[in-house]
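Novice: Sharing a structure below in structure tokens format, with a few things to ask.
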């Protein structure tokens, strides 16, 4: 093999690399790249504690509660809506679930199972209430859920006397505080629900209809899509995910406080937006929301390991949301 052949081979290899780079759509993989960059940054800032298994599991546990809600919120935002009531709804559903659990005398695993089913159904019913305000009441989603946010918070404060609601069942903490194969139960629930909603969004007619309604409601209506129904169901799904989180959170503490779950709506929306879901609707992925929730957890963990005040964590989340929305705007322009 002469020098000319070697030079020609090198040029061919270089041309293949250049074509691969040009063909790679960075805008479509921005969430994944941001995740990798943030992960490497977290390793540097939090070395060596960040990579400890206990710390990584703790991050997943912390983000699982709002992450589960964020999965439902993804469906709502893709359909062109938003739900600001999820934090207050979580506290409300959690408190009512404990009231329901305490109706059963003594300790029983069946009572805990019944309470779990009740939490999901009651959460779905609360989400249905939000959805009806938006669809049948024709109230703007922002206004409707802003109102129910105050309603749910006020109700749990009334029923709890602005204090704690305690569970009388000693088996109840096993739900939220338990682990399976080394991973906390909330983390397992987060991944299982993510897998289910990923399939629903990408492999069902309903998922395609959600994207169509969010992208252009009028065109979807002309295509014989039942727009009101498609906009209503995501609120029910979000309510059900709120019910799951309410069950996991209240069981972990074996109680619920009327001031619990404040800012859950901010964390859920932040996970969705960071994951690449367009706030204008019509576009988004469940996997992106999973990565967005984990990135939020890594940011909080970095701030803690870096010795930054915990009071600045919400400021960091706010900046991340603004940056994510600005990136979406710049992609369109």
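Values in this text are rule-based calculations from the coordinates and carry no lab data. What you see is a predicted model, and the numbers here were worked out from it, not measured in a lab. Cβ placement follows ideal geometry from the backbone for every residue including glycine, while neighbour counts extend to all protein chains displayed.
Novice: If each of residue 37 and residue 180 carries a label point 7 Å out from its Cα toward its Cβ, how far apart are those two points in nm?
Specialist: Label at residue 37, label at residue 180, 3.7 nm between them.
Novice: Same structure again: Only Cα pairs under 8 Å and at least 6 apart count here; give the relative contact order of the range 61-219 as a rounded whole percent.
Specialist: For the range 61-219, the relative contact order is 38 percent.
Novice: If a paramagnetic tag sat 7 Å from the Cα of residue 117 along the Cα-Cβ line, which residues of the range 236-267 would have the backbone N under 16 Å from that point?
Specialist: 244
Novice: Based only on the alpha carbon positions, what is the Kirkwood hydrodynamic radius of the range 63-262, in angstrom?
Specialist: Roughly 17.2 Å, rounded to one decimal.
Novice: Another question, then. Using only Cα atoms, what is the ratio of the radius of gyration of the range 59-130 to 2.2 N^0.38 Å?
Specialist: 1.26
Novice: Next up: Mind sorting 138, 231 by how few other Cβ atoms lie within 10 Å of their own Cβ, fewest first?
Specialist: In order of increasing Cβ crowding within 10 Å: 138, 231.
Novice: Here's something else I'd like to know. What ranking of 139, 321, 78, 53 emerges when the number of other C-beta atoms within 10 Å of each C-beta is taken as an exposure proxy, fewest first?
Specialist: 53, 139, 321, 78
Novice: Let me ask something additional. Give, as ranges by residue number, the residues of the range 199-234 whose backbone N falls under 17 Å from the point 7 Å along Cα→Cβ of residue 132.
Specialist: 228-234
Novice: So, in nm, how far is label residue 51 from label residue 99 when the simple model puts each one 7 Å beyond its Cα toward the Cβ?
Specialist: The answer from the label model is 5.1 nm.
Novice: Given R₀ = 45 Å, what would the calculated FRET efficiency be for residue 151 paired with residue 316, taking r from the Cβ atoms and rounding to 0.05?
Specialist: 0.90
Novice: What order do you get for 108, 310 when you list them from fewest to most C-beta neighbours inside 10 Å?
Specialist: Lowest count first: 310, 108.
Novice: Further question: How tilted is helix 30-45 with respect to the longest principal axis of the chain? Cα atoms for both, answer in degrees (0 to 90, nearest 10).
Specialist: On a 0 to 90 degree scale, this one is about 80.
Novice: Still on this structure, please answer the following. Once you place label points 7 Å from the Cα toward the Cβ at residue 309 and residue 216, how far apart are they in nm?
Specialist: Going by the 7 Å Cα→Cβ label model, 5.0 nm.
Novice: Rounded to whole Å and sorted largest first, what semi-axes of the equivalent ellipsoid does the C-alpha gyration tensor of the range 99-218 yield via the square root of 5 times each eigenvalue?
Specialist: That gives 32, 24, 12 Å for the three semi-axes.
Novice: Then there's this: Considering only 315, 220, 268, give the residue with the highest GNM mean-square fluctuation for the chain, with springs between Cα atoms whenever their separation is below 10 Å.
Specialist: 315
Novice: Separate question: Once you've got the GNM for the chain with C-alpha springs shorter than 10 Å, pick whichever of 132, 181, 312 has the biggest mean-square fluctuation.
Specialist: For the chain, modelled as a Gaussian network with Cα springs under 10 Å, the answer is 181.
Novice: Next up: Per residue and in Å³, how big is the convex hull formed by the alpha-carbon atoms of the range 272-323?
Specialist: 60
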